[in-house]
Every structure is written in C-alpha cells, then in structure tokens.
1. Scan segment B:296-313 and tell me whether some residue there is free of Cβ contacts under 8 Å to residues at least 24 places away in the same chain, outside any loop (DSSP other than H, G, I, E, B), aliphatic (A, V, I, L, M) and in the same structural domain as B:Asn64 (by TED's automatic domain parsing).
2. The conditions are (1) more than 14 Å from chain B (Cβ to nearest Cβ); (2) among the hydrophobic types (A, V, I, L, M, F, W, C); (3) touching a residue at least 40 places away in the same chain (Cβ under 8 Å), and A:Phe183 fails exactly one of them. Which is it?
3. From the list A:Thr118, A:Thr165, exactly one residue is polar (S, T, N, Q), within 14 Å of chain B (Cβ to nearest Cβ) and surrounded by 15 or more Cβ atoms within 10 Å (Cβ to Cβ). Which is it?
4. Which of the residues spanning segment A:132-161 are of a type in the set (D, E, K, R) and either open to solvent by less than 30 Å² (accessible area, probe 1.4 Å) or modelled with pLDDT under 90 (or both)?
5. Show the residue pairs meeting these rules: Cβ distance below 8 Å; 6+ apart or different chains; first residue within segment A:45-57 and at the interface with chain B (Cβ under 9 Å from one of its Cβ atoms); second residue polar (S, T, N, Q).
6. Which is part of a helix (DSSP H, G or I) and more than 42 Å from the chain's Cα centre (by Cα), of B:Leu240, B:Leu129, B:Leu158, B:Leu178?
7. Of the conditions (1) outside the structural domain of A:Gln144 (by TED's automatic domain parsing); (2) open to solvent by less than 30 Å² (accessible area, probe 1.4 Å), A:Val96 fails just one. Which one is it?
8. Pick from A:Asp93, A:Asp6: which is in contact (Cβ under 8 Å) with a residue 24 or more places away in the chain, among the acidic types (Asp, Glu) and more than 9 Å from chain B (Cβ to nearest Cβ)?
Amino acid sequence: MISFQDVSKRYPTGFEALNRLTFRIDRGEMVFITGHSGAGKSTLLKLIAAIERPSRGQIVIDNRNVTNLSRRRIPLLRRKVGLVFQNYQLLHDRTVFDNVALPLVIAGVPQPEVRKRTRAALHKLGLLKRENALPITLSGGEQQRVSIARAVVNRPPILLADEPTGNLDPALSEEIMQLLEQFNQVGVTVLVASHAIDLISRFNKRIITLQNGRLMRPEADEQPRTAGAL
Amino acid sequence: MARGAILSRSPLGAKVYIYGQAHLRTLLVSLGRIWHAPLSSIMTTAVIGIALALPCGLYVLLANLQSIAGGWDNTASISLFLKIDTPPATARDVAAKIDQRGDVKNVRLISAAEAMAEFQESSGFGDALDKLERNPLPPVLVVTPAAGARRALPANALLAALRTLPDVDLAQLDMEWLQRLQAIMDIARRGVTSIAILLGLAVLLIVGNTIRLEIHNRREEIEVTKLVGATDGYVRRPFLYGGVWYGLLGGVLAWLLVGGALLLIDGPAAHLALLYRADHQLIGPGIKGTLLLLGTGAALGLLGSWLAVGRHLSAIEPR
C-alpha cells in the first residue's frame, strides 16, 4: 500500500530529516512509527500526504508513484489519506458537523449523502450529540475524535495519525489508539506516529523505529508481522 | 423529487448539478462572510461605492448636458448669403442643387424681397427702407444639415463645400458656440474616462487588498481544507466570489449615491429649465447604465480578487 524506496528528505535549512529510508507497508496493516522527537516521524507522514516532497528516492502509494506528483493531483491523493494531528487542526468557526463534513463537501458529494455519511461518522465516534457544538467547547479527547471522524468520513484506504495522543491523558490516549485500531480492523491501512512506547507496545503491531532520520533496521526486522498483514 | 431525477439521469448531469450546487453554496458562504464582519465590509463597500459613484455621476452629468445640447442641435443651420444680384431663378436652382446633397436635410430659400419684408416688419425701419432705391438685401438659403452632419467636423466640411459654390457670397454656420460646447464636452468626456479608469484601478486595489487580508486571516482554514483534499479551485472560489460581492455591493451603493445626488439637484434643475423656457428633464443612469455600473463593479471585484488570490493563495501550503 505504501512503499518507500531509498527516500531522503533534506529541508532547505540543510537539516536532513530522513536519510535513505526503505520500507513497505501492506494493505490493511497497522504500523506504529516511533523515535525521539526530531527523528523524522512527522516528516515521514508528511511525505505520504505530499505535504512535503522527498529530496530523493521514490514513494509509491496504492500502486501509484507519487514522488513527483503534480500540484494539481495532490488533492486527489489527499482524499485517499485521512489525516489526524496532535493539535486536531479543526476549524473553530464551524460546528462539529461542518468540520467532519468538510472532506465530503470538498469532494463534491451530494448534500443528502453528506448528511448521511457525516452522521454515520459522528455516530461511530460517539459525537452525534455534539454535532452542533463548536470545537472550542469540546474536551481534548472529543476534539481528537472529531478530527478522527473527519479523517475517516470519506472512507480513505489510508489513515495517518501524527502524535494523536500527544495532548491527551493516558486513559484518553488508550481510547484514541483503540479507535484507530478499530478502523484498521475494517481494512484501513493505519500509520500512527507516536513516541509513547509504553502505549503502542500494548498493541500487537509492527513498530518502525526512526533514529536521526534512519531506520533502526534490526529492530524493525525483528518485529513480528501481525495476522492482519497481507 | 426533481433532485433525485436529475441525479439519476446521467453522471454528467449529476456532476453539473453538484458543481452548480457547490458554486451556489460558495456564493452564499462568501456573502455570509461579508455579513459577519459588518464594520470592515461596510467600509470596504463604501470606498468602492464612492470610487464608482464619481465617474458614474460625471457620466450622468455629461449625458444631461449632451441631451440639452442635443435639443439645440436641431436648430443648427448654415446661412448662405448669395451674391446681391442673383436672380430669383438662379437662387432656386442653387437651392435645388444643395437640397440634393446627402448631408443636407432641407433648404429654405428666403428671396431678397421676402428678406426685405421681414426686415421691414421686425426692424422698425419700415419707412426709411421704403426710401431705398433698390433692395440691399441678398437672397439667403437656410441650409439645415442632415442629422449625421450636425456634429462639428461634418458640419464644417459642409460649410466649406457650400462656401465654394459660385453664387455664394458668404456662408455662415450658426451656433458655432454649440460646436465649441461640443468640443468642450468631448474633452470633458475624455477627462471623465481617465478619471473612471483611475478610480477603476483604485477599486481593483481596494478589492485586492481586502481579499489579501481575508486570505491572511483565513490562513489556517486554507491549510486545513488543503489537508483534507481541497483543490486550488475550491480554495480560490470563496475569495473570488467575495470580490464579486464587494464589487456588486459597491456598485449598488454607487447607484444609490448617484440617484440621491440626482434627487438633490432635480428641483433646482427644473427651476433653471423653467427660466430658460426649456423643457428638460434630468436623465438618470437608466437601466442600461445601471446594469453597466453593477457589471463594472462586479467585474472589477472579480479581477481584483483574482489578482490577490493568484499572488497570495499559492503561497499557503500546509506545513
């Protein structure tokens, strides 16, 4: 589903965030990416969503080479990739419903369908009662659930989460991770960047460890593939 | 329901329908944004309205002057004084020849005798003139130019042509002052056009700057929408529509300002017309002018926001 071939990312400042990374993530797999801050976790996710472009190497997503994706085609890639952020990235002047409906509206889904699917996503994440609330009135855990609802509302095959539990307490963190796992169980390929080793090691999933932009290969290879991997 | 019927008709029909719906929604959303920031919106609209009202008002003023001058135009004529001893028959021949010209509407012959009679009647020198041995007045041809030849240039060409006729002693274009007035109005029209262009540029800059600020204020929103798969077109649309709204609202305000000004001067103008025994009514912008004003406003708004969007929107990418 996602394949990195010898990918490096050097920022204009000269900082080498990723260094000759090669790995593969299968369809329907759930993978944690961990490492110290600055190890390149976020950069890796940003490369998949074409928020950043690689300096070298090749990235293939869903059998499509997206290394040199034209600017015009980036939106279509992003509609296949749900994104969840540490700081939620919600629009504060719009209701929970409108936030979650945004990807559908952007994709030009007809109104009745938008309502149906948005309600379904809100229901799945237990937010139906808050649909008319503004994000600012919600707790951190609820805001993160809104952001997850928005990421999955158009049923993307890939879900990326960048430190989704960074601002949450342990109990809420566990709950959010379980939610992400639930989407994986219905076939979504899920990538979670997190430095909460204790938390992610409780899930029996592959863990990719980055150190200074390089893959810590022995550890990554030793990780057992889960039964869900194809 | 009709909606369902359209959706099921064809994928293309459905696409067009959805596209139209998305545009309509954006149109309303962008109006909503203006509505929700009333103070800054009113100020922007006011500046645009005043900038549009000035050239529009001047054009209306010119149109009124034009129509007054146009009323006088009909009386413009060329007086051809024939040589003193031209026999009446020759005068009639000359008149007939001139009458056949394309740029002449009609020719009236005032024979020497008629001229004398008229002069005697109106001058009060009746008895004195009786004592003259011979009539000192020449026959006169009053030539009314055809409608197309009433403006300064063709009228002068006609005058020059008539002046060279063998039996003509003196040719005089009456109402030369009217031509001067028209020349002045031509200059005024150009002046107003330059003012209109400058103020149009000002509207472009105002809208551009307003949209630029709006883009700046909505930076976060733009980033988020791009993250969830918005195309450049989708992000651009509300700002373009916003520009159109500003231009359109400015146009409406300009129309109100010009209308108000006309109402203000309507009374005094009617009084003035009465003093000149003229039957002149003030001309407003009219339907055509109104549509032109609103269209110009909307077009300038669109162009201004287009420039701002092109420059500033592509610089915003999610990080």
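1. No; the residues of segment B:296-313 include none that is free of Cβ contacts under 8 Å to residues at least 24 places away in the same chain, outside any loop (DSSP other than H, G, I, E, B), aliphatic (A, V, I, L, M) and in the same structural domain as B:Asn64 (by TED's automatic domain parsing).
2. (3)
3. Every option except A:Thr118 fails the conditions.
4. A:Arg150
5. Matching pairs, first to second residue: A:Glu52/A:Thr43.
6. B:Leu129
7. Every listed condition holds for A:Val96 apart from (1).
8. Step by step, each of A:Asp93, A:Asp6 is checked, and only A:Asp6 is in contact (Cβ under 8 Å) with a residue 24 or more places away in the chain, among the acidic types (Asp, Glu) and more than 9 Å from chain B (Cβ to nearest Cβ).
The values are calculated or read from the model by the stated rules, or taken from the named source; none is laboratory data. It should be emphasised that the depicted structure is a prediction, and the values quoted were computed from it without experimental measurement. Using ideal geometry, Cβ is built from the backbone for each residue, glycine included, and neighbour counts are taken over all protein chains shown. The accessibility values were calculated without ligands, DNA or RNA, using every heavy atom of the protein model including side chains. Shrake-Rupley method; radii C 1.70, N 1.55, O 1.52, S 1.80 Å.
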